[in-house]
Amino acid sequence: MEYMCYACGKEITAEDIAKRIRCPYCGGKVIFKKRPETSKKVKAR
Ligand SMILES: [Zn+2]
């Protein structure tokens, strides 16, 4: 599972946040899971 920093948008591995949940690049604390299928189309009504 990969993660992304909400602040800088960099990819973060689970290893990076294993010790401390924060972005190793900018120190941001808002991390969200990155979905493998980001290009998946979402059908709007
Ligand atoms: Zn960051």
Practice item. Return the lysines within reach of Lys34: Cα separation strictly under 17 angstrom, same-chain partners fewer than 8 residues apart disregarded; answer none if there are no such residues. Key: Lys10
Review point. Counting alpha carbon pairs within less than 8 Å and at least 6 residues apart, what relative contact order, in whole percent, applies to the chain?
Key: 38 percent
Check your understanding: So what is the 222 nm mean residue ellipticity for the chain from helices alone, if each DSSP H run of at least 4 adds -39500 (n - 2.57) and you divide by all residues, rounding to the nearest 500 deg cm²/dmol?
Key -> -1500 deg cm²/dmol
Check your understanding: Where does the charge balance sit around Met1 when Lys and Arg score +1, Asp and Glu -1, over other residues with C-beta under 10 Å from its C-beta?
Key -> +2
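None of the figures in this text is laboratory data; all of them are computed from the coordinates on show. Just so it is clear, the structure is predicted and the values come from calculations on it, not from any experiment. Counting neighbours? That spans all protein chains shown, and the Cβs are built from the backbone with ideal geometry, glycine included.
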